[in-house]
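Down below is the structure, laid out as C-alpha cells.
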C-alpha cells in the first residue's frame, strides 16, 4: 500500500483526499463489524452539521457528549478524525502535528490538544475543518452504501408506483 503522505527533498506533498477516504472507510468498517452502520450514518450526519455550523472544537465537544446508542459509535469517529492528523500505525503525520498525543480517549487531553494546536493558527484550523468535513461526507455516503439493500426507507415505499393488483 502506497503511503498517503510522501516527502521529497524539495517539498512535501500530501494527498488529503486519499487520507479522508481511508479514514472514512475505517469508520464504516468498524461500524459494520459492530452492526452499527445506521447509527454511524445518523451520528456522522449530525457531526457534519455541527462542524459546518459551529466549528472543529464544537464538533469534538459534541462527539464527547453523546449518550445512548450514539455513545458506542462516537469514539470510533473521534479516533479516526484524530488519526487523520497523526497515525503511527499508518506511518503518517500531517505537518505541524508531530507532537499530537497517540489517541484522544480522554476529553480533557483531546480538547486541550485542539485548543493548543488546531485552533491557534487560522490556516491549520481551516485545513483541519476542510479535511474533517470531507472525511465525514465520505463516511456518511459509505455508511449509506453499507446498509443492507433489503431495507427501504418509508419515502421510497411511498414514492413507488401502485402495483397492478391495487389499481
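Values quoted throughout were computed directly from the atomic coordinates according to the rules given, and no laboratory measurement underlies them. Computed from a prediction, not measured in an experiment: that's the story for all the values here. Cβ placement follows ideal geometry from the backbone for every residue including glycine, while neighbour counts extend to all protein chains displayed.
For the reader, a short list of remarks on this structure follows.
- Cβ crowding within 10 Å ranks 17, 87 as 17, 87, fewest other Cβ atoms first.
- On the principal axes of its alpha-carbon atoms, region 15-145 has extents of 36, 28, 25 Å, going from largest to smallest.
- Where Rh is the Kirkwood radius over Cα pairs, Rg/Rh for region 43-113: 0.97
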